[in-house]
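What follows is a short report on a single structure.
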Amino acid sequence: MDMSSREIRIPLDDTVAVLRDLNEFVVSLDRLGSRQASGTVDQHTVGTFIDDWDVARRLARARHVISVALDEQLSEEDNAEIDALCDQGRFYPDTVGRPFPDRSI
């Protein structure tokens with residue numbers, strides 16, 4: 001599927017809500033990253049941000065908004081191709097009970 005010329009329509013209110021959330025996350029994570037680089041923030045602070053700001057649920061909502069638009073406007077075959085591309089993403093490993101993988105590779 002050639003995606004470069006395809007367009008998807010998303011209601012403006014949903015688009016603005018997703019954009020606000022993403023902007024909050026980008027700015028806040030940038031600030032946390034700067035503080036982490038200067039040694040004034042630890043993992044607890046980052047975890048608190050993720051929990052208190054409901055980051056996982058809000059990102060899942062953003063994904064849902066986009067997924068609904070894709071499902072409604074594209075064919076099953078196109079959506080299956082997009083799902084396969086998304087499955088190739090880089091995911092944080094589940095290391096509970098196992099050593100953390102070497103990230104130097």
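Side notes on the structure shown:
- Residue check for Glu7: modelled with pLDDT of 95 or more and open to solvent by 60 Å² or more (accessible area, probe 1.4 Å): no
- Residues located in the range 77-105, provided they are at pLDDT below 90 and of a type in the set (Asp, Glu): Asp94, Asp102
- Of Asp14, Asp30, all but one fail to be in a helix (DSSP H, G or I), farther than 26 Å from Leu85 by Cα and of a type outside the set (Gly, Ala, Ser); the exception is Asp30.
- Total residues in the range 71-93 satisfying the condition of being of a type in the set (A, V, I, L, M, F, W, C), assigned to a loop (DSSP other than H, G, I, E, B) and within 20 Å of Glu7 (Cβ to Cβ): the figure is 1.
- Tally, over the range 41-70, of residues that are more than 16 Å from Thr15 (Cα to Cα), in a helix (DSSP H, G or I) and open to solvent by 70 Å² or more (accessible area, probe 1.4 Å): 7
The values are calculated or read from the model by the stated rules, or taken from the named source; none is laboratory data. What you are looking at is a predicted structure, and each value in this text was computed from that prediction instead of being measured. FYI the Cβ positions are ideal-geometry reconstructions off the backbone, even for glycines, and counts take in every protein chain you see. Side chains are part of the model used for accessible areas, which takes the heavy atoms of the whole protein and leaves out ligands, DNA and RNA. Shrake-Rupley method; radii C 1.70, N 1.55, O 1.52, S 1.80 Å.
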